[in-house]
Amino acid sequence: MGTIVENLQRVKQRMEAAALRVGRAPEEISLVAVTKTVPIPRIREAIDAGITLFGENRVQEAREKVALLGRSRIRWHLIGHLQRNKVKYVFDLFDLIHSVDSLALAQEINKQGSKRNQVMPIFLQVNVAGEATKFGVSPEEALPLLKEMARLPYVAVRGLMTIPPLAEDAEASRPYFRELRLLRDEIAKVGIEGISLAELSMGMSNDYEVAIEEGATFVRIGSALFGPRST
Ligand SMILES: *Cc1c(COP(=O)(O)O)cnc(C)c1O
């Protein structure tokens, strides 16, 4: 593991190379630097290195970090499971939620948004592999759910997100990434008024290049930037 500057440079080079391999423009793809368990001084280093978009998976941890680092020079995305009783905090913390996994949760976000007259952009999390241990809706549920979510004025659907089964080999993730993209294409063809499915949030430290080859527009990268997590 090098310094954050070196790690960032390497990750960005690989992102760009993956995009160019499949004829995509590298600018289409955003890097979310995942800072769960990463201490504040390391995040400050990342900000100094030029990173402007961070991802946290827990609301409580994000509250502490956003209180210290703010939201003016940098943006924060929620990438982990959101409990309904924490929704009241999300508008003060996050610019986008990657991990909406039920209609009830979207309705609660809508309710909080209406109180503030603020719209929250979200991705629907899809459990492509059907793993019992993972959050996310089944591919079959996605279309009817998105139709319901399209009716919520303070929730703006922007895309889909997935987390494939843990695997050593990045190629093992490819079928799941591809399935998310095909699901997106299928739903986009039906066309749901009031939503966009332009974004695909997929790919982490071990498989982001494959995810980009399969159409990712957001990759969520932690350990390849900050080193292995201790917890
Ligand atoms: C932790 C986490 C990541 C980043 O994982 P790395 O393997 O460290 O890159 C990405 N997405 C989600 C949802 C996570 O919880």
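What follows draws every value from the coordinates through simple rules; no lab data is involved. All figures in this text were calculated on a predicted structure; none of them were measured in a lab. Every residue, glycine as well, gets a Cβ built from its backbone with ideal geometry; the counts of neighbours run over all protein chains shown.
At a glance:
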| item | result |
| --- | --- |
| Residue among GLU193, GLU168, GLU148, GLU186 that is of a type outside the set (A, V, I, L, M, F, W, C), within 16 Å of the ligand (Cβ to nearest atom) and over 16 Å from ASN127 (Cβ atoms) | GLU168 |
| Selected residue (criterion: nearest to HIS98 (Cα to Cα)) from residues of segment 209-227 that are more than 8 Å from the ligand (Cβ to nearest atom) and of a type outside the set (A, V, I, L, M, F, W, C) | THR217 |
| Residues that are more than 15 Å from THR3 (Cα to Cα), aliphatic (A, V, I, L, M) and crowded, with 16+ Cβ neighbours inside 10 Å, drawn from segment 28-52 | ILE29, LEU31, VAL32, VAL34 |
| Cβ-Cβ under 9 Å pairs, at least 6 apart or on other chains, segment 31-51 side over 26 Å from ILE212 (Cα atoms), far side surrounded by 16 or more Cβ atoms within 10 Å (Cβ to Cβ) and hydroxyl-bearing (Ser, Thr, Tyr) | ARG42/THR35 |
